[in-house]
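S.K.: Just passing along the structure, written as structure tokens.
The values are calculated or read from the model by the stated rules, or taken from the named source; none is laboratory data. Keep in mind that what you see is a predicted model, and the values were worked out from it rather than measured. Backbone-built Cβ (ideal geometry, glycine too); neighbour counts: all protein chains shown. Heads up: the accessible areas ignore ligands, DNA and RNA and are worked out on the full protein's heavy atoms, side chains in. Shrake-Rupley method; radii C 1.70, N 1.55, O 1.52, S 1.80 Å.
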Amino acid sequence: MISWGEDSRNGFGLVKPNGLDTTKTDISCVNLIHLKSKIQGLSAGNSVVAFIRNNGRLVSVARIQEDQDGRRITGKLKSVTCKETIRALSCGDSHAVLLSEEGRVLCLDKANILRPLDNLCKRQVTQVACGDQHSISLTQDGQVFTWGQNTSGQLGLGWGESSAMSPKPLKSLSGIPLVQITAGGDHSFALSLSGAVFAWGKNTAGQLGLGDTTNRHAPAPVDCLNLKKTVLISCGGEHTAVLTKGGVVFTFGSGRYGQLGHNSLRDELQPRVVGQLWGSKVTQIACGRHHTLAFVGPSNKIYSFGHGEQGQLGNGVKIDQSVPLPVQLPDQIDERKIEQIFAGGNHSFALCTHGQESEERSNNLRSSVGKVTQQAIDEEIIDKWISECDSKSWKKGQKEITKMFSSASCLNGSFLDKSCDKHYQTSPKQSGLDLSLVRGAFRKLAKKDKVLTEVEAVVQHTLLPSLYEEPIGVEGLRVYLVLPELLRVLHKQHRRTDLTEAVAAAILRLHPDKLQVLGDCWSSLKPSVMTKHIGVWKKALSGILRSGHILRTRDPGIKHLLQVLGHLHRANQKSVETQTVPDSTFCMEEVHFNPIFLEEDVKFWRSWSKQDVDQTPAIFCHYPFLMNLQSKINVFNINAALTQNPPNNRQRTGMWPFDMFLMAAPAPFFELRLNRASLIKDTFHQLSVACPSTFKRFLVVYFDEDAKLTNVYKRDFFLHLFDKLLVPESGMFMYNDTETLAWFPAMPRVEEKRYFLFGVLCGMALYNNNMVHLPFPMAFFKKLVNIKPSLEDLREFSPIEAKSLQYILDYPDDDVENMDMTFSVMWGDVAVELDPKETGKLVTSANKKEFVDTYVNYIFNQSVEVVFEEFRKGFFKVCDKDVVEFFQPEELRGVMVGKEIFDWETLKQNTVYEGEYHAGHPNIVTFWEVFEDLTEDQKKAFLLFLTGCDRVPILGMNQIRMRVKTLPNSSQQHFPEALTCHSLLQLPIYPSKETLQSRLIEAVGHNRGFWNE
């Protein structure tokens, strides 16, 4: 052993004087002590030095006291015999804490009396550390305990906590996979497996590295050290040193004596690289009270800097130095290998071995705080669990499973992505996990049923209740990314959903800030992983709903699953565009909600709408992304029915689409009395003078003073009105080059109020279940559901314009300037400056994306802001915005406009025959032969003739159930007729196929039966 520093000349009494070799200088010396037996470990404080000897069975202690003249004198070495083998120790100012091989903690007081720490007797401790007047321990299951003085928050227990004589758990570090704890003076540090550093306690000189001088009463992450791959921390009295995996040394805190090594005496409030050690490949560091040591393993050299009054720098003179210089080691050291360095108080030490001994002795960089024994679940231990074994081996396996799966820190420290040290890059955007390892591990566990059952029980009954609600950093949240992989395995075996619901509840117990961080982790998942993650919660929820447990639909377990899916949905929306999974991934297509249940849900939703979600029962309307399209349409219609008819004086009605709902009768109507010849004028006039509050009523249309109440007129109204409004001659809209799509004009030619009324009409069409002609791009429907249009939407409306913009984005950066383009553009025959603050601004490689985004935003938002806002106001005067937003843009388009996928075979199969007609009737057989011979356009015309619309409902041709019966009192001279509101075809009996074909084509092509009841 080599020692230098305060009163080290006599070797602390470890050997007789002739056992010392001294490198003499004018003032101080470095002593090479020839020991008969090895020192297993040592530690030094301000007033105590302790050594582990005799293979851990003996601890030798030397205490330093002041005489009457204030001189510090080292007392005689005293031995403390230990009943247990001691493997590590740490010294404070005058006390010491010892750690036995069995993981028991023993405290050594000023009188050298050794006593066990009873509060930790049932826990297996792996590390201990001491500051001046406080102590820390780390248990095998990842728990940190602190005790002692708390004058500056060094116990980390939070504000208002007094000093603690017995160990108290440091809950805020719960679940973090820690590899080191350390302390010095009145401050403390912890280091995680992935290099995250946490600090707390006194910070008057910046020794916590947080950029200020404010004390911390609870652990705080040292963000400046993120991604630095920290592997070791050492604390002095008021300074701290940090070592990275690459051998770089950072120091911070008090620089009063030069102990930071920055060639200055200035304090550093944030970690700063020790420049003169750059490139030296430092392998160990150690801090004394006011000095620092750094060991460069490859060259077997020790560097020192800081306070040198007691010779603790080993530089031959008793002066301070502010830059690292080599310690003047004895010449005999060339024959030995330095294994470990130690510093504490005003002392410095190094343990050495001969070459052969070096191979046998573990190079334990943190032996001053104890052996690092971070547990981890890996393939080897899983193979052991699932292998065939006797009852004794299984009991041992059960204990291991309990130990590992009850520990959040164990799970959080397992399955790390070690390729290229990726786990050191842990952040909200990078969990540090290799999820393929997680999946592989749980798949292997599932090979043995009793192993999986044991894991399931431990997780549910021990792990989940122990999880802390406010873990620090991402590492403490990894467990919430790991457990869903266990749930996936359980679901495949069709096990109960109890654990899934319990995990959901644990996620929701997280503090909102931590839940936000977890959401960021979810946002960063690859789409394939995110899809699997969503599937876990969705499968559990859909399994419960499909099982028919109707009484469970409002219980907390269901609500927790819904809420987790809600958080996942928000996280997915935050993902970068390339990583977002489709919204359809969340949809439970297989779940068909009972309409009566949905009506109850809508009522709950409306009655609890102003309440905090946490205070409400499980309400599915809060999570529309889970519903299939049929359920969304049902909710829309139910909400409309409840709005039209408040739930008083309700009775059942057989009218579609509310035949399963309770309805009020009679219902208030909104009436339009119109003349066909002045359809647009009459409509706009009557809407403009009507009270907007009446727009939500059931619409009734009368034509030409005909008092007959029929849905035929309503369908006719929407069909012809929208056809007239959406032709170029109306002057309301601009059109693309092919005149197939319309958009709102930048310079409208009609009064703004018309757009408000057009919005009312669109809302009425949707509200009254009528598809209409709306030749708008997807951007129209996106804006209605509050989704921002994109370049892709411009590609639909104006392919040439979009192609040009895409060309700019794809153009090589170096050549963009040569295009000589500016932010001045033409749109709708209007010259526009996209950047009003800088006329003629040039498009460059740096701003080309800004140019494209601004241009698209101008087209779809800025240029139409006034007129579209008028339209939006009108639309939402009729339809409730929150219900409309249930739909995705493509769904809303389909509901309002229908689709052009014509499954004529389904129409035939679903046809119902009445009266004398049946599928085999000769006239019916002939009818279908004629129908099959029609052109596609003629078939569409027949659909218009039958239903009042030439498009198919969004849910498909199944939604159209044609009824066919004979036309009363008809002959072969009569044409077929249709009642559009009932999809009823009244077909005369014809003597031949030719006659039927002629009459059908003429009816469909001209009269269409549209005006007749």
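S.K.: Looking at region 604-631, which of its residues are assigned to a helix (DSSP H, G or I) and at pLDDT below 85?
M.R.: Of everything in region 604-631, those that are assigned to a helix (DSSP H, G or I) and at pLDDT below 85 turn out to be Val613, Asp614, Gln615.
S.K.: Further question on the same structure: Any idea how many residues of region 9-18 are in a loop (DSSP other than H, G, I, E, B) and at pLDDT below 75?
M.R.: Of the residues in that region, 3 qualify.
S.K.: Between residues in region 210-226 that are under 22 Å from Ile136 (Cβ atoms) and residues that are of a type in the set (Lys, Arg) and outside any loop (DSSP other than H, G, I, E, B), which pairs lie under 9 Å by C-beta distance while being six or more apart or on different chains?
M.R.: Hits for this filter: Leu210/Arg216.
S.K.: Oh, and also: If you scan region 717-746, which residues turn out to be of a type in the set (D, E, K, R) and out of contact with any Ser or Thr (no Cβ under 8 Å at 6 or more places or on another chain)? Give the derivation first.
M.R.: Residues of region 717-746 of a type in the set (D, E, K, R): 723-724, 729, 737, 739.
Asp723, Glu729, Glu739 - these are the residues of region 717-746 that are of a type in the set (D, E, K, R) and out of contact with any Ser or Thr (no Cβ under 8 Å at 6 or more places or on another chain).
Yes or no, residue by residue, for (1) without any contact (Cβ under 8 Å) to a residue 12 or more places away in the chain; (2) surrounded by 14 or more Cβ atoms within 10 Å (Cβ to Cβ); (3) within 48 Å of the chain's Cα centre (by Cα):
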site: Asp704; (1), (2), (3): no, no, no
site: Val712; (1), (2), (3): no, yes, no
site: Phe733; (1), (2), (3): no, yes, yes
site: Thr738; (1), (2), (3): yes, no, yes
site: Phe744; (1), (2), (3): no, yes, yes
site: Pro748; (1), (2), (3): no, yes, yes
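S.K.: As an exercise: evaluate Lys76 against (1) in contact with a Pro (Cβ under 6 Å, 6 or more places away or on another chain); (2) outside any strand (DSSP E or B) and give the number of the one condition it does not meet.
M.R.: The single condition Lys76 does not satisfy is (1).
S.K.: So is Ala350 under 21 Å from Ser43 (Cα atoms) and open to solvent by 10 Å² or more (accessible area, probe 1.4 Å) or not?
M.R.: No, not satisfied.
S.K.: In addition: Out of Gly70, Gly56, Gly103, I need the residue that is of a type outside the set (A, V, I, L, M) and over 53 Å from the mean Cα position of the chain (by Cα). Which one?
M.R.: On the way: Gly56 fails: over 53 Å from the mean Cα position of the chain (by Cα); Gly103 fails: over 53 Å from the mean Cα position of the chain (by Cα).
Within the list Gly70, Gly56, Gly103, the selection yields Gly70.
S.K.: Quick one: would you say Ser100 is surrounded by fewer than 23 Cβ atoms within 10 Å (Cβ to Cβ) and closer than 20 Å to Gly236 by Cα? Spell out the reasoning first.
M.R.: Details: surrounded by fewer than 23 Cβ atoms within 10 Å (Cβ to Cβ): yes; closer than 20 Å to Gly236 by Cα: no.
So Ser100 fails the test.
S.K.: A follow-up question, please. Residues that are in contact (Cβ under 8 Å) with a residue 12 or more places away in the chain, surrounded by 15 or more Cβ atoms within 10 Å (Cβ to Cβ) and within 23 Å of the chain's Cα centre (by Cα): list the helices (runs of 4 or more DSSP H) wholly contained in region 386-486 that include at least 2 such residues.
M.R.: Output list reads 408-412, 435-445.
S.K.: One residue is enough: does region 215-237 have a residue meeting the conditions of a type outside the set (D, E, K, R) and either farther than 29 Å from Tyr468 by Cα or touching a His at 6+ places or on another chain (Cβ under 6 Å) (or both)? Spell out the reasoning first.
M.R.: We begin by selecting, within region 215-237, every residue of a type outside the set (D, E, K, R); these are 215, 217-222, 224-227, 230-237.
In the following step, the residues that additionally are either farther than 29 Å from Tyr468 by Cα or touching a His at 6+ places or on another chain (Cβ under 6 Å) (or both) were identified as 236-237.
Looking through region 215-237, at least one residue is of a type outside the set (D, E, K, R) and either farther than 29 Å from Tyr468 by Cα or touching a His at 6+ places or on another chain (Cβ under 6 Å) (or both).
S.K.: Scan region 47-78 residue by residue and report those that are within 22 Å of Leu35 (Cα to Cα), open to solvent by 90 Å² or more (accessible area, probe 1.4 Å) and not basic (Lys, Arg).
M.R.: Result: Asn55, single match.
S.K.: Report yes if some residue within region 870-878 is touching a residue at least 60 places away in the same chain (Cβ under 8 Å), out of contact with any Lys or Arg (no Cβ under 9 Å at 6 or more places or on another chain) and surrounded by fewer than 20 Cβ atoms within 10 Å (Cβ to Cβ); otherwise report no.
M.R.: yes
S.K.: Inspect region 672-679 for any residue being within 49 Å of the chain's Cα centre (by Cα) and within 28 Å of Phe636 (Cβ to Cβ) and give the result as yes or no.
M.R.: Within region 672-679 (the criterion being within 49 Å of the chain's Cα centre (by Cα) and within 28 Å of Phe636 (Cβ to Cβ)), the answer is no, since none of the residues qualifies.
S.K.: Still on this structure, please answer the following. Six or more apart or on different chains, Cβ under 7 Å: which pairs go from a residue in region 514-534 that's touching a residue at least 40 places away in the same chain (Cβ under 8 Å) to one that's open to solvent by less than 50 Å² (accessible area, probe 1.4 Å) and of a type in the set (Ser, Thr, Tyr)? Could you list them?
M.R.: Short answer, once both residue conditions are applied: Leu518/Tyr480; Cys521/Ser431; Ser523/Ser575; Thr531/Thr585; Ile534/Thr585.
S.K.: Let me ask another. What number of residues within region 952-992 satisfy the criterion of being hydroxyl-bearing (Ser, Thr, Tyr), under 30 Å from Glu891 (Cα atoms) and surrounded by fewer than 19 Cβ atoms within 10 Å (Cβ to Cβ)?
M.R.: Qualifying residue count for the region: 0.
S.K.: List the pairs whose first member sits in region 812-828 and is in contact (Cβ under 8 Å) with a residue 40 or more places away in the chain and closer than 30 Å to Met747 by Cβ, whose second member is among the small types (Gly, Ala, Ser) and surrounded by 14 or more Cβ atoms within 10 Å (Cβ to Cβ), and whose Cβ atoms are under 8 Å apart, counting only residues at least 6 apart or on separate chains?
M.R.: Trp827/Ala746; Trp827/Ser863; Gly828/Ala746; Gly828/Ser863
S.K.: Moving on to the next point. Any chance you could count how many residues in region 686-702 are part of a helix (DSSP H, G or I) and open to solvent by 50 Å² or more (accessible area, probe 1.4 Å)?
M.R.: Of the residues in that region, 3 qualify.
S.K.: Exactly one condition in (1) touching an Asp or Glu at 6+ places or on another chain (Cβ under 9 Å); (2) modelled with pLDDT of 95 or more is not met by Gln332; state its number.
M.R.: Of (1) touching an Asp or Glu at 6+ places or on another chain (Cβ under 9 Å); (2) modelled with pLDDT of 95 or more, only one is false for Gln332: (2).
S.K.: Does Arg289 satisfy the condition of being assigned to a strand (DSSP E or B), charged (D, E, K, R) and either free of Cβ contacts under 8 Å to residues at least 24 places away in the same chain or surrounded by 18 or more Cβ atoms within 10 Å (Cβ to Cβ) (or both)?
M.R.: It is false that Arg289 is assigned to a strand (DSSP E or B), charged (D, E, K, R) and either free of Cβ contacts under 8 Å to residues at least 24 places away in the same chain or surrounded by 18 or more Cβ atoms within 10 Å (Cβ to Cβ) (or both).
S.K.: Then there's this: Can you confirm whether Asp601 is touching a Cys at 6+ places or on another chain (Cβ under 7 Å), outside any loop (DSSP other than H, G, I, E, B), at pLDDT 90 or above and open to solvent by less than 70 Å² (accessible area, probe 1.4 Å)? Don't jump to the end; show me each part of the working.
M.R.: Values: touching a Cys at 6+ places or on another chain (Cβ under 7 Å): yes; outside any loop (DSSP other than H, G, I, E, B): yes; at pLDDT 90 or above: yes; open to solvent by less than 70 Å² (accessible area, probe 1.4 Å): yes.
In short, yes.
S.K.: Consider Leu138 carefully, then state whether it is touching a residue at least 40 places away in the same chain (Cβ under 8 Å), farther than 26 Å from Ser47 by Cβ and either of a type in the set (A, V, I, L, M, F, W, C) or surrounded by fewer than 24 Cβ atoms within 10 Å (Cβ to Cβ) (or both).
M.R.: Answer is no for this residue.
S.K.: Let me ask another. Can you pull out the residues in region 90-123 that are assigned to a loop (DSSP other than H, G, I, E, B) and of a type in the set (Lys, Arg)?
M.R.: Arg104, Lys110, Lys122, Arg123
S.K.: State which residue is modelled with the lowest pLDDT when the search covers only region 26-45 and only residues that are assigned to a strand (DSSP E or B) and either hydrophobic (A, V, I, L, M, F, W, C) or open to solvent by less than 10 Å² (accessible area, probe 1.4 Å) (or both).
M.R.: Cys29
S.K.: Next up: Regarding region 842-849, can at least one residue be identified that is at pLDDT below 95, surrounded by fewer than 17 Cβ atoms within 10 Å (Cβ to Cβ), polar (S, T, N, Q) and in a helix (DSSP H, G or I)?
M.R.: The first filter runs over region 842-849 and keeps only residues at pLDDT below 95, leaving 842-849.
Narrowing further to those that are surrounded by fewer than 17 Cβ atoms within 10 Å (Cβ to Cβ): 842, 844-847, 849.
Right, trim to polar (S, T, N, Q) and you get 844-845, 847.
Pick out the ones that are also in a helix (DSSP H, G or I) and you get none.
Looking through region 842-849, none of the residues is at pLDDT below 95, surrounded by fewer than 17 Cβ atoms within 10 Å (Cβ to Cβ), polar (S, T, N, Q) and in a helix (DSSP H, G or I).
S.K.: Identify, please: which residue in region 774-790 is modelled with pLDDT of 95 or more and open to solvent by 30 Å² or more (accessible area, probe 1.4 Å) and is, among those, nearest to Asn861 (Cα to Cα)?
M.R.: Only one residue tops the list, namely Lys782.
S.K.: So which residues in region 499-520 are of a type in the set (S, T, N, Q) and buried (at least 17 other Cβ atoms within 10 Å of the Cβ), if there are any at all?
M.R.: The one that is of a type in the set (S, T, N, Q) and buried (at least 17 other Cβ atoms within 10 Å of the Cβ): Thr500.
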